[in-house]
1. Straight distance only, please: which aspartates and glutamates reach the Cα of Lys60 with their own Cα at less than 19 Å, same-chain residues fewer than 8 apart left out?
2. Which of the chymotrypsin sites (Phe, Trp or Tyr not before Pro) across the stretch 1-100 are loop residues per DSSP, with 15 or fewer other Cβ within 10 Å?
3. Could you tell me the extents of the chain's C-alpha atoms along the three principal axes, largest first, rounded to whole Å?
4. If the reach is capped at under 22 angstrom between alpha carbons, list the lysines near Lys148, excluding any in the same chain fewer than eight residues apart.
5. Which percent of the accessible area of the chain is formed by carbon and sulfur heavy atoms (probe 1.4 angstrom)?
6. With r as the distance between the Cβ atoms of Tyr9 and Ile53 and R0 = 41 Å, compute the FRET efficiency 1/(1 + (r/R0)^6) and round to 0.05.
7. Over the chain, calculate the relative contact order: mean separation of alpha carbon pairs under 8 Å at least 6 apart, over the residue count, as a percent.
8. What nm distance separates the two modelled labels at Tyr29 and Val78, each placed 7 Å from Cα along Cα→Cβ?
Amino acid sequence: MMDILADWYFWIKSLHVIAVITWMAGLFYLPRLFVYHVEQAHLGPGLTDTLEIMERRLLKAIMNPSMIATWLFGVALVLTPGVVDWGLIWPWVKAISVIGMSVFHMWLALRRRDLAEGRNIYSGRYFRIMNEVPTIFLIAIVFSVIFKF
């Protein structure tokens, strides 16, 4: 099994990067949609309905599959011999950051449901601030993987 992973290493790594990019795009865009949803809801049900469709499709059709693919290809990379040295700090920083992004993803899914059911308690400003959370995780992941400290 490990030989297969080593043989397919560059394919797995490429697919992992593609999945991460699409997942990150969703993590950045969904909170922005929430801002519009909260701040423009007074313009009428037509806009709200459109935003709810966009939010649901972004989460279900892009973000969820991308997160799953990121995890699957990431685990495959971890299992590939010689890729990860758990004696260093970087894989732990990356792992904690990916878990944090996954928790944030789930938090976004709950907020989407609240918005769709009319139970939102957060302001547009709050969602703007939360829109920065994936940036923090992204910075931690990129620097840890590149520098491998």
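The values are calculated or read from the model by the stated rules, or taken from the named source; none is laboratory data. Everything numeric here is computed off the predicted structure, so don't read it as measured data. We place every Cβ from the backbone using ideal geometry, glycine too, and count neighbours over all the protein chains shown. What goes into the accessible areas is simple: the full protein's heavy atoms, side chains included, and nothing from ligands, DNA or RNA. Shrake-Rupley method; radii C 1.70, N 1.55, O 1.52, S 1.80 Å.
1. Here the aspartates and glutamates satisfying the reach criterion relative to Lys60 are Asp49, Glu52, Asp114, Glu117.
2. Filter output for the stretch 1-100: Trp8, Trp86.
3. Dimensions of the chain along the principal axes of its Cα atoms: 57, 27, 19 Å.
4. Lys13, Lys94
5. 72
6. Given R0 = 41 Å and the Cβ-Cβ separation, E is 0.55.
7. It comes to 37 percent, rounded to a whole number.
8. Label at Tyr29, label at Val78, 2.8 nm between them.
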